[in-house]
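Report on one structure; see the data block that follows.
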Amino acid sequence: MKRAVKIAPSVLAADFLRLGDEIRRVEDAGADLLHWDVMDAHFVPNLSLGLGMLEAVRKATRLYIDVHLMMDNPEKYLKAFADAGADGITIHLEVHPEPAGVLEEIRSLGRDCGLSINPDMPVERLRGKVGAIRRLLLMSVFPGFGGQKFIPESLARLREARSLLDASGREDAELQVDGGVGAANAGEIVAAGADCLVAGTGVFRAADMAEAVRALRGEEAC
Ligand code: DX5
Ligand code: ZN
């Protein structure tokens with residue numbers, strides 16, 4: 001099945017001093033989603049984007065906002081993120097090894113639910129847990145920081161995740177990859193089965209953002 005590749009620039013790499021302009025720039029460049037990384041300095045060793053900023057950005061864009069919760073106790077904040085403007089909310093299997101209840105809560109808030117795993121979590125652990133998710137997010141770096149190098153073993157993990165989704169009858173669920181994704185490796189990442197590429201540095205720090213988005217999609221320069 002040939003899928004359209006979606007590009008989800010990660011706001012973590014934006015110039016925060018000029019955030020409004022950065023959001024407009026990324027919209028004009030043809031982004032499909034905005035990826036919003038939330039870090040709690042506990043599940044990951046860093047702090048990042050929170051609720052107040054999300055609310056401000058929500059008012060400035062019609063793009064789909066894809067919130068990635070790299071935090072402990074995400075269940076306590078689901079409504080707050082939904083109210084602040086999230087369209088989709090992704091939690092980590094490491095935090096909720098039996099995620100069905102939390103995923104259901106996200107759905108009951110009217111938002112798309114997603115499940116993510118870190119690079120050291122066997123893909124097999126997702127079996128039986130992808131039944132109702134809208135997206136599966138495979139981390140291709142250990143979460144916490146932008147600008148890291150893509151872990152090459154992630155390609156095999158993507159292939160495994162794609163077969164698992166297909167075998168579960170979830171061909172329609174988005175397979176997202178996050179960390180170290182850029183024009184140089186996007187082709188092999190898509191060939192391995194990903195259909196949504198999260199890219200922070202690769203988009204926001206590119207000399208030409210529209211060109212970077214096109215290159216990620218595998219399109220020729222114009
Ligand atoms: C990592 C975050 C990523 C990060 C990706 O913890 O989840 O979304 O911003 O950044 P790049 O594309 O710079 O690797
Ligand atoms: Zn992320």
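The values are calculated or read from the model by the stated rules, or taken from the named source; none is laboratory data. Owing to the predicted nature of the structure, the values given are computational and were not obtained by experimental measurement. Methodologically, a virtual Cβ is constructed for each residue, glycine included, from the backbone with ideal geometry; neighbour enumeration extends over all protein chains shown. Remember, those area values only see protein heavy atoms, side chains included, never the ligands or the DNA or RNA. Shrake-Rupley method; radii C 1.70, N 1.55, O 1.52, S 1.80 Å.
Tell me the per residue accessible area of the chain using a 1.4 Å probe; a whole number in Å² is fine.
Ligands and nucleic acids excluded, the result is 44 Å² per residue.
Across region 173-179, in residue order, what do the Karplus-derived ³J(HN,Hα) couplings come to in whole Hz, using 6.51 cos²θ - 1.76 cosθ + 1.60 with θ = phi - 60° and x for Gly and Pro?
Once rounded to whole Hz, the list reads 6, 6, 9, 10, 10, 9, x.
Once you have the Cα-Cα distance between Ala184 and Asp72, take 0.36 nm times their residue separation minus that, and quote the gain in nm to one decimal.
37.0 nm
Using the Cα centre as the reference, give the magnitude of the dipole from point charges on the C-beta atoms of the chain (Lys, Arg: +1; Asp, Glu: -1; all else neutral), rounded to the nearest 20 debye.
Details: 26 positive and 34 negative charges, 42 e Å.
So the dipole magnitude of the chain works out to roughly 200 debye.
Ignoring ligands, DNA and RNA, what percent of the 1.4 Å accessible area of region 179-222 is carbon and sulfur? Before the final figure, lay out the partial values.
Values: 950 of 1870 Å².
Roughly 51 percent, rounded to a whole number.
Counting only protein chains, not ligands or nucleic acids, how are Leu165, Leu19 ordered by accessible area (probe 1.4 Å), most first?
Largest accessible area first, the residues go Leu19, Leu165.
Pull out the extension gain between Ala60 and Glu171, defined as 0.36 nm times the separation in residues minus the alpha carbon to alpha carbon distance; nm, one decimal.
Going from the current span to full extension adds 36.7 nm.
Using alpha-carbon pairs under 8 Å, 6+ residues apart, how would you state the relative contact order of the chain in percent?
Computed value for the chain: 22 percent relative contact order.
As a test of reading the structure, rank Glu104, Glu174 by solvent-accessible area (1.4 Å probe, protein chains only), most first.
Glu104, Glu174
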